[in-house]
Amino acid sequence: MTAFSPLSIGPHTVQPPVVLAPMAGITNAPFRTLCREFSGGKGLFVSEMITTRALVERNEKTMQLIHFDASETPRSIQLYGVDPVTVGKAVRMIVDEDLADHIDLNFGCPVPKVTRKGGGSALPYKRPLLRAILHEAVTNAGDLPVTMKMRKGIDDDHLTFLDAGRIAVEEGVTAIALHGRTAAQHYGGTADWDAIARLKEHVPEIPVLGNGDIWCADDALRMMRRTGCDGVVVGRGCLGRPWLFGDLVAAFDGTGEVAAPSLREVADVMVRHARLLGEWIGDEARGVIDFRKHVAWYLKGFAVGSEMRKRLAVTSSLDELRAQLSALDLGQAWPAGADGPRGRTSGNNRVVLPDGWLKDPYDCASVSQDAEQDTSGG
């Protein structure tokens, strides 16, 4: 077995070199707690995406999203912004108020409400704007490490990852994560791991992390061996499967142990997840309602039945959730194939961009003034 070096993110050592990808509406404090518990506290677990303007204006929802459990270390927060000044203010606020230990910048989100305003995976096409944002972030971060997550580009005709990587190095970014898809692919098709290898060759000065199609621990090892990347970022593969981080720790430790929980064990995790959400939100019913989005992921592959799935999808209390789960055949073993792809798979989408966005990669006048008006979590 090949030994992999620990991942260095500024002063923070991440071993194994595994990072939980920021996912809107998913990677809040309760989900991060579950993932950390299964990993034994090993790895890096990033918050869901936070809009810089909402943070600077102390939006109530945003201030809850940046809450970290006392056991989380390092505290890792992901920011989204398109205005260099606002990004700089948000980073300075994080530093001055000791809100996090690591800042990641989002240049990878492909959803239309973000790209239509020039944000997320659309932004690196505007090279001067990307440079200005990175400069403000790094300058205001002080000793806090700043990393970035991005995609290959807008589409196959507008690839930006190599230019963006070089700009990141020049502006003092600590590490780069690359999702091996374009914005147009969304989550469809197959991730291009060769692009991750190309980026690693292009920016040998800093760590490069690979993201895309890591569905099991062996996938993470294969990606690192094939691309030479310094770490992996795991997103959709852990949906309804927070114990994947335990598998990853075992894979990098060389034991190769793989969790295969019975439906009873899965049900116990589901109830705990819902309870943690209720405690975090401060309302049990709202916590269970928020948990509903996770039900199908947790039950993937199990013989549950469409009617029971529908009933589980409308539960609104922990007692109701427990009662519905107890009616299942909880003795079912972990189903074959349940370790495979999960989450969104749509692809080949037209990327929604601001008018004239692609005319000139060096003209940034088309960035909308309202690009940061959405609250966090987009």
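Descriptive notes on the structure:
- Reachable aspartates and glutamates from K359, criterion Cα separation under 15 angstrom, eight or more residues apart if same chain: D155, D157
- The chain: angle of helix 244-253 to the longest principal axis, Cα-based, in degrees nearest 10: 70
- Percentage relative contact order, the chain, counting C-alpha pairs under 8 Å, at least six apart: 20
- Mean projected area (nm²) of the alpha-carbon convex hull when region 19-165 is viewed from all directions: 8.7
- Protection proxy ranking of 277-290, 12-25, 326-339 - average other beta-carbon atoms within 10 Å, highest first: 12-25, 277-290, 326-339
- For the options Y362, Y80, Y125, a Gaussian network treatment of the chain with springs between C-alpha atoms closer than 10 Å singles out Y362 as fluctuating the most.
- Euclidean distance between Cα centres, region 184-213 to region 249-288, Å: 29
- For S76, the residues 5 or more places off, or on other chains, whose built amide H falls under 5 Å of its own are S47, D101.
- Kirkwood hydrodynamic radius over Cα pairs of region 123-176, then Stokes diffusion coefficient at 37 °C and 0.692 mPa s, in µm²/s: 291
- The portion of the accessible surface of the chain made up by carbon and sulfur, rounded to a whole percent, is 48 (1.4 Å probe; DNA, RNA and ligands excluded).
- Ordering of 44-56, 129-141 by packing [mean C-beta count within 10 Å, highest first]: 44-56, 129-141
- Solvent-accessible heavy-atom area per residue, rounded to whole Å², over region 1-160 at 1.4 Å: 35
- With contacts taken as Cα pairs under 8 Å at a separation of at least 6 residues, region 285-338 carries a relative contact order of 46 percent.
- Rounded to 10°, Cα long-axis angle of helix 84-96 versus longest principal axis of the chain: 60
- Sorted peptide list for 96-102, 226-232, criterion being average Cβ within 10 angstrom, highest first: 226-232, 96-102
- Taking amide H as placed 1.01 Å from N in the peptide plane, A177 has its amide H under 5 Å from the amide H of M148, K149, M150, L209, each at least 5 places away in sequence or on another chain.
- Put simply, the convex hull of the Cα atoms in region 91-145 casts, on average, a shadow of 4.0 nm².
- If R0 is taken as 35 Å, the Cβ-Cβ distance between R286 and D98 corresponds to a FRET efficiency of 0.75.
- Partner lysines for K310 [C-alpha distance under 22 Å; skip if fewer than 8 residues away on the same chain]: K293, K300
- Restricting attention to region 1-145, the count of lysine pairs at 8 or more positions apart or across chains with alpha carbons under 22 Å apart stands at 7.
- Amide H contacts of G108 (H built 1.01 Å from N, in plane; Pro and chain starts excluded): S121 sit under 5 Å, all sequence-distant by 5 or more or on other chains.
- Two-decimal Rg/Rh across region 7-104, once Rg and the Kirkwood Rh are taken from alpha-carbon atoms: 0.96
- Rounded to whole numbers, the Karplus 3J(HN,Hα) couplings from phi for region 147-161 are 10, 9, 10, 8, 10, 4, x, 6, 7, 5, 8, 9, 7, 10, 5 Hz, using 6.51 cos²θ - 1.76 cosθ + 1.60 with θ = phi - 60°, and x at Gly and Pro.
- Over all pairs of different C-alpha atoms in region 201-346, the reciprocal of the mean inverse distance, the Kirkwood hydrodynamic radius, equals 16.8 Å.
- Compared with the dominant principal axis of the Cα atoms in the chain, helix 127-141 is inclined by about 70°.
- Expressed as a whole percent, the proportion of Cα-Cα pairs in the chain lying more than 35 Å apart is 22%.
- The chain, dipole about Cα centre (Lys/Arg Cβ +1, Asp/Glu Cβ -1), debye to the nearest 20: 840
- Taking every C-alpha pair closer than 8 Å and separated by at least 6 residues, the mean separation divided by the residue count of region 126-240 gives a relative contact order of 22 percent.
The values are calculated or read from the model by the stated rules, or taken from the named source; none is laboratory data. These numbers were taken from a predicted model, which means no experiment stands behind them. Don't worry about glycine lacking a Cβ; one is built from the backbone with ideal geometry, like all the others, and counts go over all protein chains shown. Quick note on the areas: whole protein, heavy atoms, side chains included, nothing else; ligands and nucleic acids left out. Shrake-Rupley method; radii C 1.70, N 1.55, O 1.52, S 1.80 Å.
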